[in-house]
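Notes follow once the structure below has been shown.
Here, each number is a calculation from the coordinates, and none is a lab measurement. All figures in this text were calculated on a predicted structure; none of them were measured in a lab. For neighbour counting, all protein chains shown are included, and Cβ atoms are generated from backbone atoms with ideal geometry for every residue, glycine included.
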């Protein structure tokens, strides 16, 4: 079978490499047309070189295209993979520096909270253009979205279009791999069920051969050497009885308990401004890739991957964005290509994805975006009904859903007042700042990002 897969934001080299590696693993997809698109010519050139390199290594017949214009990449596409980040390193630093002036510290700031919302609002014009172009040029294509903040972006896409789309994140498989290590059970022997919202989904079932593994996880939590690698998530489990997806550094800023005092930050080793460090790492990795691919410096081959793996391993975790060279023939954690293969081949699979609730989780609003298991076959992507969440978990999630709803309302109406309403109910900001401070902080962020929010009033 031959399909056209468009990668929007293909200059994210590591991500593109991982997904292309997955495509080339399936014999049925090896002759696909790969349309790479990025607005940065250097990054686009590098992405094309990576694609051609992998094509030769795997003996594929794929046709590789490279486009600077979105319309050219989308024309006739069967699948569209969206991996853009709007604003780049400059906007990321703004999102950390301005809140810190007011006393609001953050770790990642890309999914929830005031600056997760700012990232969404910066992305809105791109999403509008992407949806409009897809409806004109490839209306039957499936949009596979990786751009954060996932829940807000998916909510907005569903609000302005009728495109087939699903939001994708590797936090569920990544979490299960981590838990397998904590309880010393092979990951392939674990049976699990996860449900919630993106980055705040919960491991509701964690079993091996019908036996509950949660008792072993509680025992592991009591081991100081294990606890120190995931202190925030273990503390959440201690008090709320379930383990949450996404990392401790993410979870620390989603709830009001951890970043409001220095003693807790120190005791739990919460990495303030962690995402800024990752941005700097990505800059160094890009320069290493650039030296190899564009300047022909052979000694730089593989250096970017090595420095990335070393960065994450120093934190006690495998790097979730890079495939080791010796493992390059194995599938990554990303679900996108599994979905494409199942839809095209009819060979079913089950993945986790983000889409409208519509009763999938009975204890959450119907219109919100939920992260739940989905059965995929030739007929489509089908959400599996989960039922009720434990009430304490639904209660912890609802403030984020309410904030997402207001942020999407702001994007749809272009009324700035909804941005302020959303900021005021952010659990982290309201735990450390007064209402006037939150108002002023939000105004300053909006002004700093005004080029991305030109028509708000």
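With 20 Å as the cut-off, how large is the P(r) tail for the stretch 61-175, expressed as percent of Cα-Cα pairs?
Across the stretch 61-175, Cα pairs with separations above 20 Å total 48 percent.
Contact order, relative form, for the stretch 332-457: 16 percent (alpha carbon pairs under 8 Å, 6 or more residues apart, mean separation divided by residue count).
Enter the Cα centre distance for the pair the stretch 1-50 and the stretch 188-223, rounded to the nearest angstrom. Here the answer is 34 Å between Cα centres. The ranking of 452, 24 by Cβ neighbour count inside 10 Å, starting from the fewest, reads 452, 24. Here the Kirkwood formula, the inverse mean of 1/r across different C-alpha pairs, assigns the stretch 100-147 a hydrodynamic radius of 12.9 Å. When the convex hull of its Cα atoms is viewed from all sides, the stretch 16-55 shows a mean projected area of 2.6 nm².
Order these peptides, 332-340, 39-47, by their mean beta-carbon neighbour count within 10 angstrom, highest first.
Result, highest mean Cβ count within 10 Å first: 332-340, 39-47.
The calculated P(r) of the stretch 1-115, using every Cα pair and 5 Å bins from 0, goes 2, 11, 20, 19, 14, 9, 9, 7, 5, 2, 1, 0 in percent.
Obtain the radius of gyration and the Kirkwood radius of the stretch 52-109 from its C-alpha atoms and give Rg over Rh. A ratio of 1.24.
When only Cα pairs below 8 angstrom with a gap of at least 6 residues are kept, the chain shows a relative contact order of 17 percent. Only Cα pairs under 8 Å and 6+ residues apart enter the sum, and on that basis the relative contact order of the stretch 1-48 stands at 55 percent.
Beyond 23 Å, what percent of the Cα pairs of the stretch 197-325 remain?
Details: 3887 of 8256 pairs.
Beyond 23 Å sits 47 percent of the P(r) for the stretch 197-325.
Report the gain in length on full extension from residue 277 to residue 162: 0.36 nm times residue separation, minus Cα-Cα distance, nm rounded to one decimal. All intermediate terms of the calculation are to be shown ahead of the outcome.
Working: separation 115, 0.36 × 115 = 41.40 nm, distance 3.78 nm.
Full extension of this stretch gives 37.6 nm more.
Peptides 344-354, 119-129 ranked from most to least packed give 119-129, 344-354, packing being the mean of other C-beta atoms within 10 angstrom over each peptide's residues.
Please compute the Kirkwood hydrodynamic radius over the stretch 135-227, one decimal place, Å, based on all pairs of different Cα atoms.
Details: mean 1/r = 0.0641 Å⁻¹.
For the stretch 135-227, the Kirkwood estimate is 15.6 Å.
Max-minus-min Cα coordinates of the stretch 273-316 on each principal axis give 33, 18, 8 Å, with the largest extent listed first. For the stretch 378-442, the fraction of alpha-carbon pairs lying more than 14 Å apart is 67 percent, rounded to a whole number. Within the set (i) 20.6; (ii) 21.7; (iii) 31.5, the number that mean projected area of the Cα convex hull in nm² takes when calculated for this structure is listed as (i).
The label point for residue 207 and the one for residue 313, both projected 7 Å from the Cα toward the Cβ, are 3.7 nm apart. When every Cα-Cα distance of the stretch 413-457 is counted in 5 angstrom steps from zero, the calculated P(r) takes the values 5, 24, 30, 23, 13, 5, 0 percent.
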